[in-house]
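K.L.:
What follows is a single structure, and I will ask about it in a moment.
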Amino acid sequence: MLVRTPPSKPKVLIVLHQEHSTPGRVGQSLRRRGFDLDMRRPRFGDKLPQTMSGHAGAVIFGGPMSANDPDAYVRREIDWFDVPLREKAPCLGICLGAQMLARNLGADVAPHSEGLAEIGYYPIKATETGKAFMPWPDKVYQWHREGFDLPSGADLLAEGKHYRNQAFRVGPAAFGIQFHPELTLAMLYRWTTHGAPRMQLPGAQGRRDHFAGRSVFDPAIRMWLENFLDRWIGTADAPSELAARASA
């Protein structure tokens, strides 16, 4: 009897920075869209592909380290952004991932001049370019104490009060965002438990405010993520215009 092998699903490269990190809501949505997730942790020896030909896109997540750290894997990751940028493949950097993308493009990553952190829910405002691209939420979840300068040639999509550059686009399909749309409720419990000392930093919000903010602001963030993924990558069966253009 002939056994048919089911066709393989297109893969999205997922780059994580801690042993037990997960892609959260971003990963959940990508799976619902028909993609397989190729999860790699360069910090622990996983290699990154030399071409994006085997992946529909890439998402580089956050972590407790800095894009300025001297570790060899940090430098390799920053340099690796050359691959999706060169091939104009869909690429999304989140928090540390956005800072690495900015560093690759020659921009500086640094702490706030007054030592302020953004840990909790903070307002952002879309630029005119950002508004033309898609609707944006009023507040987003942040967990960082460094920010990035806007890379030369990039379009600023959203800005904030303490850290001006909150989202940017470079080329047709590479995006960097400072905030965390991937956050699930389980992740919120874990981050605010293991990262409790961070909530004592200047500018950070207390744990109670994190949970109160989620009940108010998370529906709009969830909607933003789905709308963004529609534009950025689409589905396995119906790639977005950006993704289709990159693979052409």
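The values are calculated or read from the model by the stated rules, or taken from the named source; none is laboratory data. Because the structure is predicted, anything quoted here is derived from the model rather than measured. All Cβ positions, glycine included, derive from the backbone under ideal geometry; neighbour counts span all protein chains shown. Calculation scope for accessible area: heavy atoms of the full protein, side chains included, ligands and nucleic acids excluded. Shrake-Rupley method; radii C 1.70, N 1.55, O 1.52, S 1.80 Å.
K.L.:
Any residue that is under 18 Å from I221 (Cβ atoms), surrounded by fewer than 22 Cβ atoms within 10 Å (Cβ to Cβ) and not aliphatic (A, V, I, L, M) - is there at least one of those in segment 107-118?
P.N.:
No, segment 107-118 has no match at all.
K.L.:
Could I ask something else about it? Among the residues of segment 4-61, write down those that are of a type in the set (S, T, N, Q) and open to solvent by less than 20 Å² (accessible area, probe 1.4 Å).
P.N.:
Result: S29, single match.
K.L.:
Of all residues in segment 102-161, which are part of a loop (DSSP other than H, G, I, E, B) and within 14 Å of I177 (Cβ to Cβ)?
P.N.:
Result: T127, M134, W136, P137, L150, P151, A154.
K.L.:
Further, regarding this structure: If I filter segment 8-37 down to residues being among the charged types (D, E, K, R) and free of Cβ contacts under 8 Å to residues at least 24 places away in the same chain, which single residue comes out as farthest from G97 (Cα to Cα)?
P.N.:
Once the filter is applied, the top-ranked residue is R32.
K.L.:
Can you pull out the residues in segment 198-210 that are surrounded by 14 or more Cβ atoms within 10 Å (Cβ to Cβ) and part of a helix (DSSP H, G or I)?
P.N.:
R198, M199, R207, D209, H210
K.L.:
Still on this structure, please answer the following. Of all residues being open to solvent by 10 Å² or more (accessible area, probe 1.4 Å) and not aliphatic (A, V, I, L, M) in segment 182-191, which is farthest from F81 (Cα to Cα)? Just the residue, please.
P.N.:
Per the criteria, the residue is Y189.
K.L.:
In the list I177, I124, which residue meets the criterion of being within 30 Å of A244 (Cβ to Cβ) and in contact (Cβ under 8 Å) with a residue 60 or more places away in the chain?
P.N.:
Just a single option satisfies the conditions, and that option is I177.
K.L.:
Taking only segment 64-88 into account, find how many residues are closer than 18 Å to K47 by Cβ and open to solvent by 10 Å² or more (accessible area, probe 1.4 Å).
P.N.:
Within segment 64-88, residues that are closer than 18 Å to K47 by Cβ and open to solvent by 10 Å² or more (accessible area, probe 1.4 Å) number 11.
K.L.:
Working carefully through the options D138, D218, D149, D230, find the one that is within 22 Å of R33 (Cα to Cα), open to solvent by 40 Å² or more (accessible area, probe 1.4 Å) and out of contact with any His (no Cβ under 8 Å at 6 or more places or on another chain).
P.N.:
Just one listed residue meets the conditions, D230.
K.L.:
Additional query: Filter segment 153-176 for residues that are open to solvent by 10 Å² or more (accessible area, probe 1.4 Å) and more than 17 Å from K125 (Cβ to Cβ) and give the result.
P.N.:
Within segment 153-176, G153, A154, V170, G171, P172 qualify.
K.L.:
Test F179 against the criterion of being within 17 Å of R25 (Cα to Cα), under 15 Å from the mean Cα position of the chain (by Cα) and buried (at least 22 other Cβ atoms within 10 Å of the Cβ), and give yes or no.
P.N.:
The answer is yes for F179.
K.L.:
Let me ask another. Do any residues in segment 38-50 that are closer than 15 Å to D71 by Cβ have Cβ atoms under 7 Å from those of residues that are open to solvent by 70 Å² or more (accessible area, probe 1.4 Å) and assigned to a helix (DSSP H, G or I), where the two are at least six apart or on different chains, and which pairs are they?
P.N.:
P42/R76
K.L.:
Hey, C95 hits all of (1) on the phi < 0 side of the Ramachandran plot; (2) modelled with pLDDT of 95 or more but one; which does it fall short on?
P.N.:
Failing condition for C95: (1).
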